[in-house]
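Presented below is the structure to which this report refers.
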Amino acid sequence: MAQVPLPTPIYHFTHISNLSSLISSGGIICKNGVDSSSITYQSSAYESVQGHRESFEVPVEPGGVIHDYVPFYFNSLSPMLYAVHRRNIPGVDMREVVFFKTTAQTVDGAGKLFVFTDGHGIMALTDYYNDLTELSEVPWNVVNAKYWNNFVDGSRLRQSEFLVHSKLDWELIETIGVYNQTMKDRVESLIQHLAHKPSVEIKLGWYF
């Protein structure tokens, strides 16, 4: 089994148009929180999958449903981002996607509640965990491989998730990754007045 990367990076992506409301909210809010607050939000996901996540019960503490959590992947290069790259998500251009990177240890150290999985969160074969000592259960050989389709069940395994309950506070974001200088300039102009300014970096390796 592949070694757990320490610290353990986790990545959340969203459309650039969501950044202003995210800043106003003080961080990344879970889907149920966004909906209850009537926040305008540009989705970058399959709506059919979102319906399942809305009702899927998380089987370990703190429980609830997946939409009570902010989703992160352990690798930026996920099947979901590939769907965006292939323009399978209407109205979303991958070049306008921004990444927020932090680490599992940062989340834990801040006292945030979380769970994580060893595969796509709604799949029957996927197990859930809530203790960082269990990170070895994540299929790191698939998560960090160049091509997940080289593995049996690779797409499910590559989509192992780290789910932060309710909200990921802005102060816990360490790096914002963008596709090009235009996006870098836009992000930097939006965060220039904030006390906490994550490093904004062009990260082509985080994109297809």
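Listing for the model above:
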{"quantity": "Subset of segment 1-45 (residues that are at pLDDT 95 or above, more than 16 Å from the chain's Cα centre (by Cα) and either in a loop (DSSP other than H, G, I, E, B) or of a type in the set (A, V, I, L, M, F, W, C) (or both))", "calculated": "VAL4, PRO5, LEU6, PRO7, ILE23, SER25, GLY26"}
{"quantity": "Sole residue being in contact (Cβ under 8 Å) with a residue 60 or more places away in the chain, in contact with a strand residue (DSSP E or B) (Cβ under 8 Å, 6 or more places away or on another chain) and of a type in the set (S, T, N, Q), chosen from SER136, SER166, SER155", "calculated": "SER166"}
{"quantity": "Test for GLU174: is it touching a Pro at 6+ places or on another chain (Cβ under 7 Å), within 22 Å of CYS30 (Cβ to Cβ) and either surrounded by fewer than 18 Cβ atoms within 10 Å (Cβ to Cβ) or of a type in the set (Ser, Thr, Tyr) (or both)", "calculated": "yes"}
{"quantity": "Output for segment 1-24, where each listed residue is over 18 Å from GLN159 (Cα atoms), in contact with a Leu (Cβ under 7 Å, 6 or more places away or on another chain) and β-branched (Val, Ile, Thr)", "calculated": "ILE23"}
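This table checks each residue for (1) touching a helix residue (DSSP H, G or I) at 6+ places or on another chain (Cβ under 7 Å); (2) in contact (Cβ under 8 Å) with a residue 60 or more places away in the chain; (3) among the basic types (Lys, Arg).
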site	(1), (2), (3)
PRO71	no, yes, no
TYR82	no, yes, no
ILE89	yes, no, no
ALA110	yes, yes, no
LEU113	no, no, no
GLY119	yes, no, no
ASN141	no, yes, no
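The values are calculated or read from the model by the stated rules, or taken from the named source; none is laboratory data. Everything numeric here is computed off the predicted structure, so don't read it as measured data. Neighbour counts run over all protein chains shown; Cβ positions are idealised from the backbone, glycine included.
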